[in-house]
Amino acid sequence: MTESTIIEFRSRVDGTGPLFAEVFRPKADRNVPMAAVMAGFHGTRQNVLETAKRLASKGLCAVAVDMRGRGESAGAPDSGAVEIHDIMDALDATADRLGDGVDRNRCSIVGYSGGGGNVFSAITKFPDRFQVAAAFFGIADYAFWHRSRARVDCCRTMEKWIGGGPDALPEKYQARNSVLAAGNCVRTEVHIFWDEGERDCPGSMNERFAEAARHAGNESVHCHVSREGDKHRWIHGYPETNPDLIAAEEVFVPRMLDRHEDISLPSSGRLVVPGYVVTRRFAFWVGDGQAGTARIEYNLEPSLSVRLAT
């Protein structure tokens, strides 16, 4: 048996609200691991409610998030910048509401298309918060995606939400490039799904992200590419329109349920800041988080220090 709850919250960054998420969890269970469930570029939580219900029936607390400007949530979308903070705010608001019903230290995330882009953004901007990430045909680099012209309709929307294209506003698109920051999430287990025939979100973005993350030392990045003749094909869409995608849950859901690794940052290191990075110990913003990148060096012991890398 599962139960559902509507969570209303506000952005901890700029106060935007009300924002909403719909939460499904196994009834009466305690310390349930959480998973954010993210819809496509033009989607809302309504597109992933059935997926969230199914994940809850498998033992997860599934949080279907309407970031700012989606569904009933207030504010304006920004294609992968401050709106990504809404995801973490939703998970924290859920944990505050449900108390010991969930385990706030065991968060994961899954998303489809634009939601897959949210996955890449979330694990690089919040590098010590997600145990497991599952990105389906996602957007790892918004400038690359725009220049591919794979989805002209989405290009127009991006230009509206961001203020222009990548040639005119390169720094804004740098803040939305997860490939640059793939080395941040070295302790997150990442599963990336796409089909060899994928056209809407070219698979080369996924390959570039995986290569960069592995080069930085993440040995838990797994690319799942379906091909002609396979039993299941990871064709672009939602699980409710392509039931093959449900089979992929056999790969990542057990990991979301079972994985309880130490994903805290190493005691010292470097991070790439794509607009902003928020960790359990500190946050670093480049302006308002909408434009530009930085490279920082940090030490957590014996006392916290963070500085721009030379």
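Loop-only trypsin sites (Lys or Arg not before Pro) in region 106-150, please: DSSP not H, G, I, E or B, and at most 14 other Cβ atoms within 10 Å. Before the final figure, lay out the partial values.
Working: sites: ARG106, LYS125, ARG129, ARG147, ARG149; in loops: ARG129, ARG149.
Within region 106-150, the qualifying trypsin sites (Lys or Arg not before Pro) (loop, at most 14 other Cβ atoms within 10 Å) are ARG149.
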> Out of LEU271, ILE139, PHE9, whose Cα points farthest toward the positive end of the dipole of the chain (charges: +1 Lys, Arg; -1 Asp, Glu; placed on Cβ)?
Replying inline: LEU271
>> Counting each pair of different Cα atoms once, what's the Kirkwood radius of region 236-284 in Å, rounded to one decimal?
In response: 14.4
> Among [x] 33; [y] 47; [z] 39, which is the computed percent of Cα pairs over 28 Å apart?
Replying inline: [x]
> Of the cross-linked pairs LYS58/LYS231; LYS58/LYS172; LYS53/LYS160; LYS53/LYS125, which ones have a Cα-Cα span greater than 29 Å in the structure shown?
Replying inline: LYS58/LYS172; LYS53/LYS160
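Using DSSP loop states and a limit of at most 11 other Cβ atoms within 10 Å to flag GluC sites (Glu not before Pro), what is the longest stretch of the chain containing no flagged site? Kindly include the intermediate steps, with their values, before the conclusion.
Details: sites that count: GLU219, GLU228.
Between exposed loop sites, the widest span is 1-218.
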> For a paramagnetic label modelled at 7 Å from the Cα of HIS260 toward its Cβ, which residues of region 99-123 fall within the zone defined by backbone nitrogen distances under 12 Å?
Replying inline: 103-106
> To the nearest 20 debye, what charge dipole does the chain have about its Cα centre, counting +1 at the Cβ of each Lys and Arg and -1 at the Cβ of each Asp and Glu?
Replying inline: 320
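With +1 on each Lys and Arg Cβ and -1 on each Asp and Glu Cβ, how big is the dipole of region 120-262 about its Cα centre, in debye rounded to the nearest 20?
Charge dipole, region 120-262, about its Cα centre: 520 debye, nearest 20.
Based on Cβ point charges of +1 for Lys and Arg and -1 for Asp and Glu, what charge dipole magnitude is obtained for region 215-256 about its Cα centre, in debye rounded to the nearest 20? Mind dumping the intermediate values first?
On the way: 4 positive and 7 negative charges, 15 e Å.
Once rounded to the nearest 20, the dipole reads 80 debye.
Rounded to the nearest 0.05, what FRET efficiency do SER148 and ILE246 have when you use their Cβ-Cβ distance and R0 = 22 Å?
Values: r = 28 Å, r/R0 = 1.27.
Between SER148 and ILE246 the formula returns 0.20.
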>> I'd like to know which of ALA182, HIS260, ALA64 lies farthest towards the positive end of the charge dipole of the chain, counting +1 on Cβ of Lys and Arg and -1 on Cβ of Asp and Glu.
In response: ALA182
> Taking all pairs of different Cα atoms in region 1-98, averaging 1/r and flipping that mean, what Kirkwood radius in angstroms comes out?
Replying inline: 13.2
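What net charge is computed for the residues neighbouring LYS53, neighbours being all others with C-beta under 11 Å from the C-beta of LYS53, Lys and Arg scored +1, Asp and Glu -1?
Charge balance near LYS53 sits at -1.
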>> Residues of region 153-180 with backbone nitrogen within less than 19 Å of a virtual label 7 Å along the Cα-to-Cβ line of VAL225, please, listed as ranges.
In response: 179
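Roughly speaking, what is the stretch gain from ALA168 to ARG281, that is 0.36 nm per residue apart minus the C-alpha to C-alpha distance, in nm to one decimal?
Values: separation 113, 0.36 × 113 = 40.68 nm, distance 3.51 nm.
The span from ALA168 to ARG281 would gain 37.2 nm if fully extended.
Relative contact order for the chain: what is it in percent, counting Cα pairs under 8 Å that are at least 6 residues apart?
Working: 731 pairs, mean separation 49.2, N = 310.
Relative contact order, the chain: 16 percent.
What order do you get for LEU245, LEU19, LEU91, LEU308 when you list them from fewest to most C-beta neighbours inside 10 Å?
Values: LEU245 22, LEU19 26, LEU91 29, LEU308 10.
Going from sparsest to densest Cβ surroundings: LEU308, LEU245, LEU19, LEU91.
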> Given the C-alpha centroids of region 1-63 and region 227-299, what is the distance between them in whole angstrom?
Replying inline: 17
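Bear in mind these aren't lab numbers, they're just calculated from the coordinates by the rules spelled out. Just so it is clear, the structure is predicted and the values come from calculations on it, not from any experiment. Counting neighbours? That spans all protein chains shown, and the Cβs are built from the backbone with ideal geometry, glycine included.
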